[in-house]
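The structure appears right after this line, and notes come after that.
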Amino acid sequence: MSIRQSISRIGPARLFVHFAVLLIVIIWLVPTLGIFVTALRDKDQITVSGWWTAFVGSSQTTAVRLAGADKQQQDGAGYVISGSVFGDAGSLGKVTAFGVKVQDPAAFKAGVPTDLGDGETLLINTDGGYKYSKNASFGDARPRRIYVSVASPPQFTIQNFKTVLTGEGIGQSFINSLTVTIPATIIPILIAAFAAYALAWMEFPGRALMIALVVGLIVVPLQMSLIPLLRLYNDIGSFFGVPSKTYPGIWLAHTAFGMPLAIYLLRNYIAGLPKEIIESARVDGASDFDIFVKIILPLSFPALASFAIFQFLWVWNDLLIAMVFLGTNKDQLVLTGSLNALLGSRGGNWEILTASAFVTILVPLLVFFGLQRYLVRGLLAGSVKGG
């Protein structure tokens with residue numbers, strides 16, 4: 001079967017969907033791979049070459065000075081200065097080329113004697129050793145400056161992650177983020193599940209108005225309600241003698257902001273469950289609580305998992321609410337806050353920033369891949385079913 005016949009059998013619409021999915025995967029995967037590779041590279045190599053060259057090494061051009069005339073030794077009728085372009089540091093790579101002008105730093109090939117004029121000859125080997133010869137004494141001439149191109153082999157290290165997790169305070173921030181995110185994901189799901197069941201299967205006055213109110217709250221911007229909610233929380237806290245900037249406060253804030261969407265999605269999904277199951281349970285004498293716990297919750301797991309993914313990602317990546325309701329002290333700072341501080345004070349330390357970024361996305365990736373099979377099923381069911 002030819003390729004054209006295969007494409008015609010698949011259909012243009014399906015082929016376009018496959019191509020779009022592949023493109024999205026590539027667009028998402030390439031930056032993630034770049035962050036991971038950069039986080040494992042040596043900091044000196046990061047500054048001279050991109051992450052895509054990490055597996056083939058890097059080339060760096062540096063300016064060095066040869067030894068001075070006081071190191072010259074007579075060699076027959078001429079004089080020689082010898083040494084290493086790496087000095088006392090030992091071999092830092094393989095010298096591939098060198099030059100005497102900044103405009104052309106790789107004019108000459110390493111390992112080949114080069115005539116520099118005025119009776120001077122320079123030989124630089126690939127290991128960095130050089131032999132600078134002249135047919136007369138160097139006199140009191142200044143040490144000569146040259147430019148060498150050094151090819152370094154790939155260098156990978158886990159020191160960047162060690163620095164991030166131990167020396168930069170990210171470890172404590174990681175624990176703070178987990179302390180904020182896990183309860184702020186579980187609490188709204190539990191409350192929203194009860195509310196969704198009531199709005200879907202229980203008859204009471206004002207139900208339609210409450211559903212409309214929930215839908216309206218979804219479109220309220222977070223920034224518009226942030227300060228009023230904070231003032232209300234502080235007033236209630238001062239009345240009961242509860243200090244501000246605590247974990248319960250930020251849990252309640254995330255619960256309030258995530259509740260409307262959670263109720264909307266779960267209500268649509270629960271309302272689409274078979275009516276016969278609910279009626280049969282009621283005929284058998286089951287209460288609404290028993291129906292909810294033993295029937296609704298197990299059947300609604302795809303919808304619960306799909307919202308859990310979204311809520312976890314929103315809370316984990318949040319910075320604004322965490323700074324407002326939890327504060328910016330070092331023992332309270334969440335992971336996004338620590339990364340924001342690193343951006344301000346370490347703008348050039350790419351090895352630290354990339355390692356920090358990869359630590360940040362690691363947990364959401366694990367959550368997503370652990371629950372992703374329920375994501376599409378739960379969202380589609382919650383968007384097309386209703387009651």
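Laid out as a table, the results:
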read-out: Residue within region 226-233 that is surrounded by 12 or more Cβ atoms within 10 Å (Cβ to Cβ) and under 24 Å from ALA308 (Cα atoms) present; value: yes
read-out: Strands (runs of 3 or more DSSP E) lying entirely in region 85-153 (those with 3 or more residues that are surrounded by 15 or more Cβ atoms within 10 Å (Cβ to Cβ) and not aromatic (Phe, Trp, Tyr)); value: 94-99, 120-124, 129-134, 145-152
read-out: Residues (at pLDDT 80 or above and either out of contact with any Gly (no Cβ under 9 Å at 6 or more places or on another chain) or assigned to a helix (DSSP H, G or I) (or both)) located in region 330-350; value: GLN332, VAL334, LEU335, THR336, GLY337, SER338
read-out: Scope region 315-329; condition of a type in the set (Asp, Glu) and at pLDDT below 80; matching residues; value: none
read-out: Of all residues making up region 279-309, the number that are of a type in the set (Phe, Trp, Tyr), open to solvent by 20 Å² or more (accessible area, probe 1.4 Å) and in contact (Cβ under 8 Å) with a residue 40 or more places away in the chain; value: 1
read-out: Selection within region 30-78 - closer than 20 Å to PHE161 by Cβ and in a loop (DSSP other than H, G, I, E, B); value: ASP42, THR47, ALA54, PHE55
read-out: Filter result (farther than 15 Å from GLY258 by Cα and either of a type outside the set (D, E, K, R) or surrounded by 20 or more Cβ atoms within 10 Å (Cβ to Cβ) (or both)) within region 321-335; value: MET323, VAL324, PHE325, LEU326, GLY327, THR328, ASN329, GLN332, LEU333, VAL334, LEU335
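Yes/no per residue for (1) free of Cβ contacts under 8 Å to residues at least 40 places away in the same chain; (2) within 29 Å of the chain's Cα centre (by Cα):
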| position | (1), (2) |
| --- | --- |
| ILE146 | no, no |
| ILE158 | no, yes |
| ILE170 | no, yes |
| ALA208 | yes, no |
| LEU217 | no, no |
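Residue-wise test of (1) under 26 Å from VAL367 (Cβ atoms); (2) of a type outside the set (Lys, Arg); (3) within 27 Å of the chain's Cα centre (by Cα).
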| site | (1), (2), (3) |
| --- | --- |
| PHE257 | yes, yes, yes |
| ARG267 | yes, no, no |
| GLU279 | no, yes, no |
| ARG282 | no, no, no |
| ALA308 | yes, yes, yes |
| LEU326 | yes, yes, yes |
| GLN332 | yes, yes, yes |
| GLY337 | yes, yes, yes |
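The values are calculated or read from the model by the stated rules, or taken from the named source; none is laboratory data. Everything numeric here is computed off the predicted structure, so don't read it as measured data. Neighbour counts run over all protein chains shown; Cβ positions are idealised from the backbone, glycine included. Heavy atoms of the whole protein, side chains included, go into the accessibility calculation; ligands, DNA and RNA do not. Shrake-Rupley method; radii C 1.70, N 1.55, O 1.52, S 1.80 Å.
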